[in-house]
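To keep things clear, I will list the structure first and then write my remarks on it.
What follows draws every value from the coordinates through simple rules; no lab data is involved. Not measured: the values here are computed from a predicted model. Methodologically, a virtual Cβ is constructed for each residue, glycine included, from the backbone with ideal geometry; neighbour enumeration extends over all protein chains shown.
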Amino acid sequence: MQGSSRRVVFIDRDGVINVDLWKYVEFWEEFRFEEGVLDALKELTDQGFDIFIISNQAGVGDGVFTEAAMWDVHEKMVAELGRHGIRILGAQYCTHGKTETCDCRKPKTKLLERAVHGISFDKKKTFFVGDKISDLEAGKNFGVKTILVRTGYGRKAEQQLTEALRPDYIVNNLKKAVPFIVKL
Ligand SMILES: [Mg+2]
Ligand SMILES: [Zn+2]
C-alpha cells in the first residue's frame with residue numbers, strides 16, 4: 001500500500017450516529033447519539049480514519065426546516081464530538097427535496113465523490129455504514145464495501161434485502177461495526 005493512501009470511512013448520520021426520530025432532526029435539543037457511538041467514533045479517530053458523514057436531508061428542500069438549522073445541528077454535533085476527541089473530516093449533505101432531480105441524493109454517489117475529492121484511498125478497504133437500503137446502494141454504486149446497522153431503519157432494511165443488495169456485514173450498531181472497519 002502506498003504511504004500516502006489514507007483510510008476512509010463513510011457514515012450515514014440519522015439512525016446510525018444519532019437516534020432516528022422518525023422525523024427530521026431539526027434542532028440540536030432533539031439530537032441524541034446512538035448507544036456506543038462516541039466510543040465507536042473515538043476508536044476510528046484513534047485508528048487514523050478519515051471520517052465522512054454522508055446524509056440526505058430532504059427536509060430542507062421540501063421546506064420542513066432551513067439549511068441554516070441543518071448546519072446548526074451539524075456544527076453542534078461536530079463540536080460535541082470534538083470534546084470527546086473525535087475528528088470528523090467532513091460532512092456532505094444532500095438538501096434537495098425528495099422529488100427534485102439531483103445527482104447527490106443517496107443512492108447516488110455525488111456526496112461520496114465530493115467528500116473524498118483529492119484524497120488518495122483504496123475503495124476496497126473502505127466501508128459505507130448505513131441503516132437504509134439507499135445507503136447500501138450508494139456504497140455499492142461508489143464501489144466500496146457496506147455495513148448495515150440495525151439501529152434506525154436498519155431492522156426494516158434487513159427485511160428488504162435482496163441478493164444484489166446484501167451488505168458485507170450486518171451488525172447491531174455502529175460500535176459493532178468498528179472491528180470490521182478497522183481490520184480490513
Ligand atoms: Mg439513516
Ligand atoms: Zn441532492
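Which whole-number percent of Cα pairs in segment 100-184 have a distance greater than 21 Å? Spell out each step's value before the answer.
On the way: 1018 of 3570 pairs.
Counting every Cα pair in segment 100-184, those more than 21 Å apart make up 29 percent.
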>> Antiparallel versus total DSSP beta bridges in segment 8-183: what percent is that, nearest 5?
In response: 5
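Going by a ≥ b ≥ c, the root eigenvalues of the Cα gyration tensor, does the chain fall in the rounded group (a/c under 1.5), the prolate group (a/b larger than b/c) or the oblate group? Don't jump to the answer; show the numbers that get you there.
Values: a/c = 1.31, a/b = 1.17, b/c = 1.12.
It comes out rounded by the Cα gyration axes.
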>> 5 Å is the cut-off here: which amide hydrogens, built 1.01 Å from N in the peptide plane, fall below it relative to Thr146, excluding neighbours closer than 5 in sequence?
In response: Phe128, Asp168, Tyr169
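If contacts are Cα pairs under 8 angstrom and at least 6 residues apart, what is the relative contact order of segment 8-183 in percent?
Numbers: 314 pairs, mean separation 46.0, N = 176.
Reported relative contact order: 26 percent.
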> By a straight-distance test (C-alpha under 14 Å), which aspartates and glutamates pair with Lys176 as possible cross-link partners, with residues fewer than eight away in the same chain excluded?
Replying inline: Glu34, Glu35, Asp39, Glu43, Asp131, Asp168
> So how much slack lies between Thr101 and Lys125, counting 0.36 nm per residue of separation and subtracting their Cα-Cα distance, in nm?
Replying inline: 5.6 nm
>> Normalised by the empirical 2.2 N^0.38 Å for globular proteins, what value does the Cα Rg of segment 16-91 take?
In response: 1.12
> Are there cysteines in the chain with no other Cys C-beta under 4.7 Å, and if so, which?
Replying inline: Cys102
